[in-house]
2 protein chains.
Amino acid sequence: MNEGVEWALHSCVNLCFIPGETVTAKRLAAFYELPTAYLNKQLQALTRAGILSSVSGPKGGFQLARQPEKITLLDIVVAIDGADDAFRCTEILKAGPGADPKADYRLTCLVSKSMRAAEITYRRELAGKTIADIVAEVEETYPATADNTRRWFANLKA
Amino acid sequence: MNEGVEWALHSCVNLCFIPGETVTAKRLAAFYELPTAYLNKQLQALTRAGILSSVSGPKGGFQLARQPEKITLLDIVVAIDGADDAFRCTEILKAGPGADPKADYRLTCLVSKSMRAAEITYRRELAGKTIADIVAEVEETYPATADNTRRWFANLKA
């Protein structure tokens, strides 16, 4: 999985701690000492997916495009890493003896079905957890984090 | 995910249809018109993982090293694709303000925990299904497959 998924998840959580603010890629990258250009690429992907909105101009930057309750971990994984399953069925049964050339073995092959069933449990788990859930867990487990994050961004020179 | 996972899963299922036989990589590859050398690499990985056993000599080849009830889909995925999670936590929190240099953020980071929880559901699903289950499903859904496979291997010239 693209390491940008980790960056994107943490950046979305950080944006929750500074609500209403528009934050540049440079500032978001500075928080974790990430390369700005490469984080910016991930933030653009989140924007294309409707997770962030991007404001241009001197006060420009990124902010959440919707409530964190409406952003699931799966939304972010798909935005950054694509929607493909880890297991890709190449329909090798098509080359097997007695294969039906009209069959879609991605649907009928029982190996493929079992692998997809596992992917579905994974996706269901990620779809059942939102950025708001993570923020609530952080506030519960590490109560100083929200204030510290706000203060850090407030003190950061542009 | 390595496409060898698909090949390995189907090859293990095929070996169940010709029990007691030792089958060369060349014959197993011919069944799905796969490249022998590359399938052989996957079969060697299954052998190192104790899923297949390899017999050398003129009558040599591969056979299942244990009962298909004892071979889970997860065993095969891990043998071919490795044991790493799809999401790799690089602990970007370590570079964040106020980070604890002694912390293992793979364990304490709530983003990392949520991603790992999803991976666990995926692995649990794969670990709950065996090659014997797949074979039983094939026999139920496609009753001619077992005999056809046996006949095909019997008729195949070395």
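Listed here are the residues, each with its yes/no results for (1) in contact with a Phe, Trp or Tyr (Cβ under 6 Å, 6 or more places away or on another chain); (2) without any contact (Cβ under 8 Å) to a residue 12 or more places away in the chain.
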residue: A:Ser54; (1), (2): yes, yes
residue: A:Ala86; (1), (2): no, no
residue: A:Glu91; (1), (2): yes, no
residue: A:Ala117; (1), (2): no, yes
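From A:Ile134, A:Ile71, which residue is away from every other protein chain (no Cβ under 11 Å) and closer than 25 Å to B:Phe87 by Cα?
A:Ile71
Rundown of residues vs (1) closer than 30 Å to B:Thr130 by Cβ; (2) at the interface with another protein chain (Cβ under 8 Å from one of its Cβ atoms); (3) part of a helix (DSSP H, G or I); (4) of a type outside the set (A, V, I, L, M), yes/no style:
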residue	(1), (2), (3), (4)
A:Met115	yes, yes, yes, no
A:Ala118	yes, yes, yes, no
A:Thr121	yes, yes, yes, yes
A:Phe153	no, no, yes, yes
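Of all residues in region B:1-42, how many are hydrophobic (A, V, I, L, M, F, W, C), within 20 Å of A:Phe87 (Cα to Cα) and either in contact (Cβ under 8 Å) with a residue 40 or more places away in the chain or away from chain A (no Cβ under 14 Å) (or both)?
6
Considering only residues that are of a type in the set (Lys, Arg) and farther than 26 Å from B:Asp133 by Cβ, which ones fall in region B:11-40?
The answer is B:Lys26, and nothing else.
Would you mind telling me which numbered condition in (1) within 14 Å of chain A (Cβ to nearest Cβ); (2) buried (at least 17 other Cβ atoms within 10 Å of the Cβ); (3) within 21 Å of A:Ile92 (Cα to Cα) B:Ala45 fails?
Of the numbered conditions (1) within 14 Å of chain A (Cβ to nearest Cβ); (2) buried (at least 17 other Cβ atoms within 10 Å of the Cβ); (3) within 21 Å of A:Ile92 (Cα to Cα), the odd one out for B:Ala45 is (1).
If we keep just the residues of region A:119-150 that are of a type in the set (A, V, I, L, M, F, W, C) and buried (at least 19 other Cβ atoms within 10 Å of the Cβ), which is farthest from A:Cys16 (Cα to Cα)?
Of everything passing the filter in region A:119-150, A:Leu126 is farthest from A:Cys16 (Cα to Cα).
FYI, it's all coordinate maths here, none of it is from the lab. The model shown is predicted, which means the values in this text are computed figures rather than measured ones. Note: ideal-geometry Cβ built from the backbone for every residue, glycine included; neighbour counts use all protein chains shown.
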